[in-house]
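To start, the structure itself, in structure tokens.
The values are calculated or read from the model by the stated rules, or taken from the named source; none is laboratory data. This is a predicted model, so every value here is computed, not measured. Note that we place each Cβ from the backbone using ideal geometry, even for glycine, and neighbour counts take in every protein chain shown. For the accessible areas, the whole protein counts, side chains as well, though only heavy atoms, and no ligand, DNA or RNA atoms are used. Shrake-Rupley method; radii C 1.70, N 1.55, O 1.52, S 1.80 Å.
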Amino acid sequence: FLVFFFLMIRRPPRSTQSRSSAASDVYKRQLTNCELVVDVLKTASELQYEISRVYGDDWVVTQKGQKYTSNVGFLLSGSKKDFVFELEIPNSNVELPDENKYQEVIQASFKGKDVFKELYHKGVKGGFTLLNPAEESKENQENQEVVVEHLRVMGAQAMTDAIAAANNANYQQAQSLLDNALNTINNKKVSQENTVVQALQKDIQKSKQYMSSNS
């Protein structure tokens, strides 16, 4: 079973104390040498979680499945950067007591320095509530913003992989990658009127048409 996490880093706006040019103001409001570290936490239960996939090319594997680092570079005040990754939950028949149902499983730590060499640091933990087989969820557990972000990066990755396959004349594999991505999007419980979802569907359909015409 897979759970996907959407992590957004946003630096709050910072006002300057003196008048300056626009370029100087931007310089003063940026963070440099930014680094994000995401790792899996140990829980009270016997379940062993691991990160099964991270999206993007900026990640460095510190410990496979457990700890990943991304060098963000710099971040301007008021701007944001999104990260999406998947966490694998192992199957288990063990009944969980109430105190162990909510589990913090992911920890993210972000740090960077401003122009005055002051260290900016922020940490956050993420988790979810596990239910025993006989229990039912009474609420929608999926955050729509997280679902859309996951579909966006998943679709973009599928198109990138399909192009690579087509460049190697593996057109059937390319079509399969795009079909799987489109099926995943269509089967998700997310509004089909969402502009991001609509644009993604159109892009994948165009990619499929392009692959068909060139195969």
From the list 48, 107, exactly one residue is more than 19 Å from residue 146 (Cα to Cα) and modelled with pLDDT of 80 or more. Which is it?
48
Got a sec? Which of 209, 201 is farther than 26 Å from residue 54 by Cβ and either part of a helix (DSSP H, G or I) or of a type outside the set (Phe, Trp, Tyr) (or both)?
209
Kindly indicate whether any position in the range 91-103 is closer than 17 Å to residue 36 by Cβ and aliphatic (A, V, I, L, M).
no
Residues of the range 88-101 being surrounded by 12 or more Cβ atoms within 10 Å (Cβ to Cβ) and aliphatic (A, V, I, L, M), which ones?
89, 96
Taking the stated definitions as given, is residue 68 among the hydroxyl-bearing types (Ser, Thr, Tyr), at negative phi and at pLDDT 85 or above?
yes
Evaluation of residue 145 against (1) under 17 Å from residue 83 (Cα atoms); (2) open to solvent by less than 90 Å² (accessible area, probe 1.4 Å); (3) at pLDDT below 85 (one fails), failing number
(2)
State all residues of the range 188-215 that are more than 21 Å from residue 173 (Cβ to Cβ), without any contact (Cβ under 8 Å) to a residue 40 or more places away in the chain, of a type outside the set (Ser, Thr, Tyr) and open to solvent by 90 Å² or more (accessible area, probe 1.4 Å); if no residue qualifies, say none.
193, 202
Does residue 136 satisfy being of a type in the set (D, E, K, R), at pLDDT below 85 and assigned to a helix (DSSP H, G or I)?
no
For the range 148-173, what are the residues that are of a type in the set (A, V, I, L, M, F, W, C) and open to solvent by less than 40 Å² (accessible area, probe 1.4 Å)?
148, 151, 153, 154, 158, 159, 162, 165, 166
Filter the range 102-121 for residues that are among the hydrophobic types (A, V, I, L, M, F, W, C) and surrounded by fewer than 16 Cβ atoms within 10 Å (Cβ to Cβ); the one that is farthest from the chain's Cα centre (by Cα) is 116
Going through the range 150-175 in order, the residues found to be assigned to a helix (DSSP H, G or I) and more than 23 Å from the chain's Cα centre (by Cα) are 165, 166, 167, 171, 172, 173, 174, 175
Output the number of residues of the range 51-97 satisfying the condition of being part of a strand (DSSP E or B), hydrophobic (A, V, I, L, M, F, W, C) and in contact (Cβ under 8 Å) with a residue 24 or more places away in the chain.
10
